[in-house]
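Data first, discussion second: the structure below is written as structure tokens.
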Amino acid sequence: MKTSYLEYDWSSVINFESGGESYYNKFLKKVTWPGGASGLTIGIGADLGYMSKEEFEKYFSSFFSVEENAKLKSTIGLKGTSAKLKLSSVKGIELNWENAMDAFINWTLPKFWKLSNALWPGLDKLKEPAQIALVSLVFNRGASTKGSSRTEMVNIKSLVLKSDYKNIAKEVRSMKRLWVGKNMDGLIKRREEEAKMIESCV
């Protein structure tokens, strides 16, 4: 019997965020800017735009040289166009797969686990696939509940308390509306996969 969320199979989230080890090594081991309101990103979805300098120092700095650390720290907190403009300044800085996984397990996953459980009390009582799917959702979208684009995030709260897997999945699918026609089919596919994971718990 699993006694901690760290024992769950997080491979689906790792693949959503990195495409797997081969894809990561080909396209993501260097610092990237995913676009939109993102900051510069390293490793498996670790966004420097939403990271404190203290977090970077504790969980990431040991992977880089003194010079690389200085360059990366200068981008912390920058989002959107401000981050994009700094991408050239960190050109050539890489994080290998092993270190990326280390950071994911020790920083990224615990952070988003806490955010998800704070957003949806009772999440940790759901079956494992549903927990993983909803943490994946917060990993991708954040934990904000403000605005019309967050209606489903709010609706899920009461459904989690009732372990209503069918309607949680329905709310996750409803979010596809946000990306239809915006050349973001990857997110539409991700919502569908997350919905199916939740439905598997019925």
* Could you tell me whether any residue of segment 89-99 is within 18 Å of Ser12 (Cα to Cα), touching a helix residue (DSSP H, G or I) at 6+ places or on another chain (Cβ under 8 Å) and surrounded by fewer than 18 Cβ atoms within 10 Å (Cβ to Cβ)? => yes
* Do you know which of the residues in segment 24-36 that are within 17 Å of the chain's Cα centre (by Cα) and assigned to a helix (DSSP H, G or I) is farthest from Trp97 (Cα to Cα)? -> Leu28
* **Cross-chain or 6+ apart pairs with Cβ under 8 Å, segment 55-81 first and in contact (Cβ under 8 Å) with a residue 12 or more places away in the chain and under 14 Å from Ala100 (Cα atoms), then part of a helix (DSSP H, G or I) and among the small types (Gly, Ala, Ser)** => Tyr59/Ala103; Phe60/Ala103; Phe63/Ala103
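Residues are listed down the side, and each one gets a yes or a no for (1) farther than 18 Å from Pro110 by Cα; (2) surrounded by fewer than 14 Cβ atoms within 10 Å (Cβ to Cβ); (3) touching a residue at least 60 places away in the same chain (Cβ under 8 Å):
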residue: Leu126; (1), (2), (3): no, no, yes
residue: Leu134; (1), (2), (3): no, no, yes
residue: Ser148; (1), (2), (3): yes, yes, no
residue: Ile156; (1), (2), (3): yes, no, no
residue: Leu159; (1), (2), (3): yes, no, no
residue: Lys166; (1), (2), (3): yes, yes, no
residue: Val172; (1), (2), (3): yes, no, no
* Answer from Ala100, Ala70 - the residue that is farther than 30 Å from Asn155 by Cβ and touching a strand residue (DSSP E or B) at 6+ places or on another chain (Cβ under 9 Å) -> Ala100
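Conditions tested, residue by residue: (1) charged (D, E, K, R); (2) touching a Pro at 6+ places or on another chain (Cβ under 7 Å); (3) farther than 18 Å from Val13 by Cα.
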{"position": "Ser136", "(1), (2), (3)": "no, no, no"}
{"position": "Ser149", "(1), (2), (3)": "no, no, yes"}
{"position": "Val160", "(1), (2), (3)": "no, no, yes"}
{"position": "Glu171", "(1), (2), (3)": "yes, no, yes"}
{"position": "Val180", "(1), (2), (3)": "no, no, yes"}
{"position": "Asp185", "(1), (2), (3)": "yes, no, no"}
{"position": "Glu193", "(1), (2), (3)": "yes, no, no"}
{"position": "Lys196", "(1), (2), (3)": "yes, no, no"}
{"position": "Ser200", "(1), (2), (3)": "no, yes, no"}
* Index of the failed condition, Glu7 passing every other in (1) within 22 Å of Arg141 (Cβ to Cβ); (2) of a type outside the set (Phe, Trp, Tyr); (3) modelled with pLDDT of 95 or more -> (1)
* To do: Please list, ordered by first then second residue, the pairs with beta carbon atoms under 9 Å, 6 or more apart or interchain, first in segment 182-196 and closer than 14 Å to Val138 by Cα, second among the acidic types (Asp, Glu).
  => Ala195/Glu171
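Within 20 Å of Gly142 (Cα to Cα), among the hydrophobic types (A, V, I, L, M, F, W, C) and surrounded by 20 or more Cβ atoms within 10 Å (Cβ to Cβ): does that describe Ala37? Even if it seems obvious, please write down each step before you answer.
Numbers: within 20 Å of Gly142 (Cα to Cα): yes; among the hydrophobic types (A, V, I, L, M, F, W, C): yes; surrounded by 20 or more Cβ atoms within 10 Å (Cβ to Cβ): no.
The answer is no for Ala37.
The values are calculated or read from the model by the stated rules, or taken from the named source; none is laboratory data. Predicted model, so just to flag it, every value in this text is computed and none were measured. Quick reminder, even Gly has a Cβ in these numbers, built from the backbone with ideal geometry, and neighbours come from all protein chains shown.
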